[in-house]
1. Taking the condition of being part of a loop (DSSP other than H, G, I, E, B) and among the small types (Gly, Ala, Ser), how many residues in the range 1-58 meet it?
2. Considering only the range 23-35, state which residues are of a type in the set (A, V, I, L, M) and surrounded by 11 or more Cβ atoms within 10 Å (Cβ to Cβ).
Amino acid sequence: MRYIQAPPSMKSVVTSFWLLTVSVGNLIVLSVAHAQTLKRQAHEFLLFSFLIALAAIAFMFLARR
């Protein structure tokens, strides 16, 4: 993670948001793995790639605004 552009007083806040997003991602992976609704691991990988694509589209939308 790079937070060079953040002012020194905000570096801990930026780091906390980074760790929050990592923990939310880990919870998503844990819930999908624990649910065991997808029989093949390839389908889990496709689900995760679909979720990443949705996040990329959301970030592109936010970047344009």
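1. Going residue by residue through the range 1-58, those that are part of a loop (DSSP other than H, G, I, E, B) are 1-7, 36-40.
Remaining after also requiring among the small types (Gly, Ala, Ser): 6.
Total meeting the criteria: 1.
2. Going residue by residue through the range 23-35, those that are of a type in the set (A, V, I, L, M) are 24, 27-30, 32-33, 35.
If the condition is that a residue be of a type in the set (A, V, I, L, M) and surrounded by 11 or more Cβ atoms within 10 Å (Cβ to Cβ), then ILE28, VAL29, VAL32, ALA33 are the ones that fit.
Read-outs: derived from the displayed coordinates by stated rules, not from any lab. The structure displayed is predicted, hence computed values, not measured ones. Please note: Cβ atoms are built from the backbone with ideal geometry, for glycine as well, and neighbour counts cover all protein chains shown.
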